[in-house]
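Values quoted throughout were computed directly from the atomic coordinates according to the rules given, and no laboratory measurement underlies them. The shown structure was predicted, so the numbers you read here are calculated from the model rather than taken from an experiment. A quick note on method: Cβ atoms are made from the backbone with ideal geometry, for glycine too, and the neighbour counts reach across all protein chains shown.
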Amino acid sequence: MKSLPGRPILGIFLTTFLLSLYVYPAGQKPAFELTRQMFSETKKIKSLKYTMKKRERIRDQMREQVSSIKLYRHPFKVYAKQQAPNEGLEILFCDGDHNNKALINPAGFPWITLKLDPMGKLMRNDHHHTLYSSGYDHFISILEHLFAKYGEEVPQMVRELEPVIWDGIPCYAIEFRNPHFKYLEHTIKEGETLTKLAEKFHVSAHMILEKNEDIDDYDDGKPGQSIQIPNDYSPRMMIYIDKFRFIPLMVKVYDDRGLYEVYEFYEVTVNASFKPEEFSSDFEEYDF
C-alpha cells in the first residue's frame, strides 16, 4: 500500500512530540532550560529592592552580613544599609558621581562620611565581591559563561532537585555539578592583576587570592610570577529559582574545600519604583 502524501512527515512530527513528552513531562522543563529562563528573566529587570543575607568563607570562617539594598541596573546605582554585623552602616554609589567613589557612612568611628574606591583594598577587605556585583548580573554572567563553555554537556551537569518553599515562595531547586573544576598554574603577564584574571576567566578573584598565600592584595603579583587559579568558578552550585518570576532567591556555592559562599534574597521587589532622591546622600532617610 502506498503511503499517503505527508504521512512520513506527520510520523516524524508525532515521534518527536511523543519523545518530548517522555523526556519532559507535560508542564515541565529540563533543569538547564529552567536555568536559561532565569537568565532571560533577570535581564529584563531594571531595578531591584531586596534584603540580602550573605555568608562568605573568609580565612576559614563563615562570616555573615545582612543588608537592605536598592539598585538600578542602568545607569548603575546602589544604596545599601547594613542590619548586621555593623548596624546602620550605609553605602551609596552612583556610576559617575563623586569621581566614581562610594559614599560610606560608617555609623561609628570616625563619625564622618567617607569616599572610597569600590575596587580599593578598604572596601574589598573581607568580602568575596565588590559592590559592582550587587544584584543578579554578576552571578548570571558566571553561569552563562559555564553554559557556553560546556555546551552540549550542560544538560548532564544541571539537575532539578525536590522543589522548596523559600521565604513563603515556591521555588525550583537546581544543582549544577562541574566535574572539570581544578586549579591551573598561570604565569602572570605584564598588566595582569588578580581582578583582571578573574574577569577574563569568569572566576573568583577572592578564590585566587586565598589560594596564593604569597600574594597579599588583588593588585599584587609580578610579571613572571607563577600562581594557581581555578579554571571555573565552582565545582558545585545550588540555586533556588522563584517559580513565578524566575529570579534566584538563594545561591549556594562550593569550592574544592566545601561551602564557599551563600547568598539569600528576601522581600525581593522587581522593577521597584524609587524617587530620584533615594540615590542621593541628601535623602531624608539617610545619615550621610
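Assorted remarks:
- Spin-label model distance (nm) - Ala107 vs Thr187, 7 Å beyond Cα toward Cβ: 4.9
- Nearest-0.05 FRET efficiency for Thr269 and Phe76, computed from C-beta distance (R0 22 Å): 0.75
- Gain in span if fully extended, Ala84 to Met62, counting 0.36 nm per residue against the direct Cα distance: 6.5 nm
- Principal-axis tilt of helix 137-150 within the chain, Cα atoms, nearest 10 degrees: 40
- Ellipticity at 222 nm from helices only: DSSP H runs of n ≥ 4 in the chain, each -39500 (n - 2.57), divided by the residue count, give -6500 deg cm²/dmol.
- Per-residue 3J(HN,Hα) values for the stretch 255-263, derived from phi via the Karplus relation 6.51 cos²θ - 1.76 cosθ + 1.60 with θ = phi - 60°, read 10, 5, 9, x, 5, 10, 7, 9, 10 Hz in sequence order (x marks Gly and Pro).
- About its Cα centre, the dipole of the chain is roughly 1280 debye, where the only charges are +1 on Lys and Arg Cβ and -1 on Asp and Glu Cβ.
- Gain in span if fully extended, His145 to Lys43, counting 0.36 nm per residue against the direct Cα distance: 35.2 nm
- For the stretch 177-228, the relative contact order is 51 percent, taking Cα pairs closer than 8 Å that sit 6 or more residues apart in sequence and dividing their mean separation by the residue count.
- Angle between the chain longest axis and helix 7-23 axis [Cα atoms, degrees, rounded to 10]: 50
- Farthest positive-ward along the chain dipole, Cα basis, beta-carbon charges - from Ala31, Phe76, Gly168: Ala31
- Sorting 217-225, 49-57 by their mean Cβ neighbour count within 10 Å, with the most densely packed peptide first, gives 49-57, 217-225.
- ³J(HN,Hα) computed for each position of the stretch 118-129 - Karplus, 6.51 cos²θ - 1.76 cosθ + 1.60, integer Hz, glycine/proline x: x, 9, x, 4, 4, 7, 8, 4, 6, 9, 6, 9
- Taking amide H as placed 1.01 Å from N in the peptide plane, the amide H of Ile58 sits under 5 Å from that of Arg63, each at least 5 places away or on another chain.
- Neighbourhood net charge (13 Å Cβ-Cβ; Lys/Arg +1, Asp/Glu -1) for Leu89: -2
- Dipole of the chain [Lys/Arg +1, Asp/Glu -1 at C-beta], most positive-end residue of Asn100, Ser234, Ser40: Ser40
- Distance histogram for the chain (every C-alpha pair counted, 5 angstrom bins, percent rounded to whole numbers): 1, 5, 10, 14, 15, 15, 13, 10, 6, 4, 2, 2, 1, 1, 1, 0, 0, 0, 0
- Ratio Rg/Rh [Cα only; Rh per Kirkwood] for the stretch 235-282: 1.18
- Alpha carbon Rg of the stretch 164-220, scaled by the compact-globule rule 2.2 N^0.38 Å: 1.64
- Three-way shape label, the stretch 179-288, alpha-carbon gyration tensor, a/c 1.5: oblate
- In order along the stretch 85-95, phi translates into HN-Hα couplings of x, 9, 4, x, 4, 10, 10, 10, 9, 10, 3 Hz, rounded to whole numbers, per the Karplus curve 6.51 cos²θ - 1.76 cosθ + 1.60 with θ = phi - 60° and x for Gly and Pro.
- Around the Cα centre of the stretch 202-288, unit charges on the Cβ atoms of Lys, Arg, Asp and Glu (plus for the first two, minus for the last two) sum to a dipole of about 760 debye.
- With the charge dipole of the stretch 208-270 set up from +1 on Lys and Arg Cβ and -1 on Asp and Glu Cβ about the Cα centre, the Cα lying farthest toward the positive end among the listed residues Gly221, Tyr263, Phe246 is that of Phe246.
- Spacing of the two label points (7 Å from each Cα toward its C-beta) at Asp117 and Asn99, in nm: 1.1
- Check: the stretch 152-226 dipole with +1 on Lys, Arg Cβ and -1 on Asp, Glu Cβ, in debye: 240
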